[in-house]
Amino acid sequence: MCPKLKEVKALEDYKVLLTFQNGEQRIYDMKKLLKYDFYKNIRDKEKFQKVRVADGITIEWEDGEDVDPCDLYIDSKPIREEENEPK
């Protein structure tokens, strides 16, 4: 079972900062999903910034785009690991 979400913040380059209720913070990169038509509206950076937590389990945008809750956790990287990656 994946931890529940507490907070989300849109970052640069189509990434989001996820804060889970257990205090853990991770970064999820949305770029790989933007190629799908389901996510075409959030390719607009202004719309992407309007991300919010939905039901404490996932993130969503105003037009209904969302991400599988377990994918958010499993495919995201802890902040420290993300900061140490080569650019």
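Couple of notes before you dig in:
- Out of ARG43, ARG26, ARG52, sole residue that is surrounded by 11 or more Cβ atoms within 10 Å (Cβ to Cβ) and free of Cβ contacts under 8 Å to residues at least 12 places away in the same chain: ARG43
- Residue that is at pLDDT below 95 and in contact with a helix residue (DSSP H, G or I) (Cβ under 7 Å, 6 or more places away or on another chain), where the choices are PRO3, PRO86, PRO69: PRO3
- Only listed residue being among the basic types (Lys, Arg) and in contact with a Gly (Cβ under 7 Å, 6 or more places away or on another chain), chosen from LYS35, LYS4, LYS31: LYS4
The values are calculated or read from the model by the stated rules, or taken from the named source; none is laboratory data. In this text, all values refer to a predicted model and were calculated from it rather than measured experimentally. Note that we place each Cβ from the backbone using ideal geometry, even for glycine, and neighbour counts take in every protein chain shown.
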